Amino acid sequence: MREGKANDAKNKQPKGSSLAGDLFDALNPNDLLSNAQKVINTAVNVLEEEIAAGILAAKKIEKKVIDVDEIRDNPEDLMNRIRRDTHEAVDLFMDAIAAISKQLGLLSTTIVKETENVHKATPAANEKNREAIAAVIEHEEPLQPGQAVTLYMSVADDTATKSVKIQLQKTDFCGPLQQKILSKNWHIKPAAFILKRDEAKEITIHIKLPANCKAGRYNALLYDPLNPSVRTVIGIEVL
Amino acid sequence: MYEALMKSMLQQYGADTLKGIHHFIPDKEPRKYLYNLVHDYPNRGGKGFRPSLCIASCKTYGGSLDDALYSAVSLELLHNAFLIHDDVEDESLFRRNKPTMHEYSNKAIAINVGDAMNVLGLYPLFMNKEKLGQKISQQIFLEIQHMVTESVEGQALELGWRKDNISDLNDSDYLRMILKKTCWYTCMHPLRIGAIIGSRGKVKPDIFNRLGYFMGTAFQIQDDILNLVAEEKKYGKEIGGDILEGKRTLMLIHLLQKSKATEKNGIRKFLSLPIRERQNEKAAWILNLMQQHGSIVHAKNTARYMAGAALKEYYTIFSRLPDCKDKSFIESIILYMINRDY
């Protein structure tokens, strides 16, 4: 996504600003692993690590000050809290997922960072419906056919008492009028890993849209067949 | 935007904020040992980046100066509180061309004044609810809470490195420390808060994280470079003071990576001394080594890369918004951050 944004941005830079021009030149050498790229990549990694750490820390505090059992019993109340306070939405959503996972004895949870737009699935009153809850990651801006984007998410399980093996699988993107973007057009890294106790694993999702991709809203599912609660809907909009 | 116009906007927003700061400082005793001193640092005329970014971001997203003013006042009060405490922690001698507060008063008084400013910075946030309503006010309060938390964590990192004379740091360590210590409160949160206010909570503040981070890093590195090479009168602090204080700047970290074993030992020995026992001659030797090993060039390049990346983020975020003076102002600030000489 950042590359796409960067290219868009470059096209929009004002003419005649020599300092700005110099700065862009420094960032656009032929060698992709130039010093500039390395420095920016290092910086971005640091930022994303820190934001993820902040989300996890906030979540732990939130767990200390809310009654998790009560939340489990009354998910509607949880959703009201989420609606009341958008700032805490991601943390509380994590709690909802974690609490449900604990009850089911399953792994769960997705922390969505930076590039995402988290939409809450509606928790239902009973456990059957709870199984239907999935995180949603949506790219913020509409994409052009042929454009490539990268999304990020973290997988963590603070209810696990031991390491868990995760094997992520992906579906095609389904769009309007049965249009599809085949699963070969998107990749996850790493797709298989061992999630240690108290560990948050960062997942990179790289999507390259086909040049002939039709306009519309598309969704795909990222899931682990052996851990049914690990599932995330990936949403994009194509112009 | 011409630099002169950008500077006049900085000045104007800074003056508006200063007026607000004065409004929130109680006019009562104890004046001599507290409230008169609370006025001191803000009155010295800082650059006003933080309140200006907040106000400009607010106006770009459709808000007004009045909407953002309480938050800008809070940001500036908290910033000045940080500066007073920072000067004590760093044992700095000068701030904005005048002796630091603990130098002309004493450490105990200065720390207490800093504490008072931290508390005074909270009231404008409470007052926000009159203008912005409960929901937005609470959101801004949490922004500030996060900002202060990150800043003290970043400061803790740097103070810890100095205390333990840590010498094997790398660029990632530096970037992490700067992100926490400087970027959140200098750029990221001012932009975020302004946009939250201007858009009445519709904008997702996370979109400003990279922009603010790149801007803040460019700003801090430039500040550290100026500490070594600027004109003292313009810069307002003692030149080379960061070397004497043992600040883990990008230049020092680079130098420690590139220097020969004997040089590294000499630097480590210098840094292990109490600040007041460090000699100017030795600091000059370290500055010379920085020049020899290309540490200053490395820092300048890094600042330029960061400013370039900030510009790209800026165009990505702001190009879809209608053109206005405040939008151009934010763009100019990015360029100014690495082009400034004070």
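Throughout, read-outs are computed from the coordinates displayed, never taken from laboratory work. The model shown is predicted, which means the values in this text are computed figures rather than measured ones. Using ideal geometry, Cβ is built from the backbone for each residue, glycine included, and neighbour counts are taken over all protein chains shown.
Each peptide in B:81-91, B:210-220, A:197-207 receives the mean, over its residues, of other Cβ atoms within 10 Å, and ordering these scores from highest gives B:210-220, B:81-91, A:197-207. The mean number of Cβ atoms from other chains found within 10 Å of a Cβ in peptide B:316-327 is 2, as a whole number.
When only Cα pairs under 8 Å and 6 or more residues apart are kept, what is the percent relative contact order across region B:3-339? Value for region B:3-339: 20 percent. Each peptide in B:27-34, B:160-167, B:190-197 receives the mean, over its residues, of other Cβ atoms within 10 Å, and ordering these scores from highest gives B:190-197, B:160-167, B:27-34.
For the listed residue pairs A:Lys59/B:Lys19; B:Lys131/B:Lys204; B:Lys7/B:Lys181, the alpha carbons are over 28 angstrom apart in A:Lys59/B:Lys19.
When the trypsin sites (Lys or Arg not before Pro) in region B:223-319 are filtered for DSSP coil states and for at most 12 other beta-carbon atoms within 10 Å of their beta-carbon, the remaining sites are B:Lys260.
Here A:Ser183 and B:Tyr123 are evaluated by their C-beta separation; at R0 = 56 Å the FRET efficiency comes out at 0.50.
Of the residues B:Gly46, B:Gly114, B:Gly198, the one that moves most in a GNM of chain B with alpha-carbon contacts below 10 Å is B:Gly46.
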